[in-house]
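Chemist: Quick one: the structure is below, questions incoming.
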Amino acid sequence: MQADTMVMGWWGPLSVFITPFTLLANLGALSGIRRIPEPATAGFRPPLDPGKPVFRRPAGILALIPLSLVGLVVAAIPVLLIIGLVVGPSHSTDSTGSTDASAYPTHDYPTLTVGSCARNDAAWPMDDLKPEPCDSAAAQYSVHPWTSPDCAAGEHSAGPMYSKNHDRPLCLRPLKR
């Protein structure tokens, strides 16, 4: 029954948690049975054959799959916790919940300031914004502060990665030429 429990005892939602305790209880009972001394006199019938050891039975060998998965999970949790503590968070937030520049590590974003002008070297909705002097013919947008909940009609929004502290989105108003 130990071999059958090792194979089939895991497949219920609660059984995943109950089976390890059942297997340990069975091992405790087995050690108690092994402490019983051999009979001093022969009984009226021969003793039963105990059979093959658990891990020499097909069910016992098959049971190594769920047992190894449980062992892997048990070993992986502390390892992942230690890695997380050593590496730390991928980005930090301040008391207002805004993220700092490390939240955008894959690209060096230029800084746009309110009142300045910019051009977009990509087609919307993608953006590849660059600062541009407002008197330049290449300037396409004037930079304005974000208004809640969205930019005004006809304006585009620039993500917080373009602001000075990487904490607020900006609105881009098309320049009239």
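The values are calculated or read from the model by the stated rules, or taken from the named source; none is laboratory data. Every value quoted in this text rests on a predicted model; they were computed, and no experiment measured them. All Cβ positions, glycine included, derive from the backbone under ideal geometry; neighbour counts span all protein chains shown.
Chemist: Within segment 141-159, how many residues are touching an Asp or Glu at 6+ places or on another chain (Cβ under 9 Å), surrounded by fewer than 19 Cβ atoms within 10 Å (Cβ to Cβ) and of a type outside the set (S, T, Y)?
Modeler: The qualifying residues number 3.
Chemist: Determine the pairs where a residue that is at positive phi, located within segment 71-90, has a partner that is basic (K, R) and part of a helix (DSSP H, G or I) with Cβ atoms under 7 Å apart, the partner being 6 or more residues away or on another chain.
Modeler: Between residues of segment 71-90 that are at positive phi and residues that are basic (K, R) and part of a helix (DSSP H, G or I), there is no close pair.
Chemist: Among S136, S142, which is the only one that is over 31 Å from the mean Cα position of the chain (by Cα), in a loop (DSSP other than H, G, I, E, B) and more than 14 Å from P110 (Cα to Cα)?
Modeler: S136
Chemist: Now for a different question. Output the number of residues of segment 146-177 satisfying the condition of being of a type in the set (F, W, Y) and in a loop (DSSP other than H, G, I, E, B).
Modeler: Number of matching residues: 1.
Chemist: Mind listing whichever residues of segment 5-29 are at pLDDT 85 or above and hydrophobic (A, V, I, L, M, F, W, C)?
Modeler: L14, F17, I18, F21, L23, L24, A25, L27, A29
Chemist: While we're looking at this one, here's another question. Specify the residue that is surrounded by the fewest Cβ atoms within 10 Å (Cβ to Cβ); the eligible residues are those in segment 115-133 that are in a loop (DSSP other than H, G, I, E, B) and in contact with an Asp or Glu (Cβ under 7 Å, 6 or more places away or on another chain).
Modeler: A122
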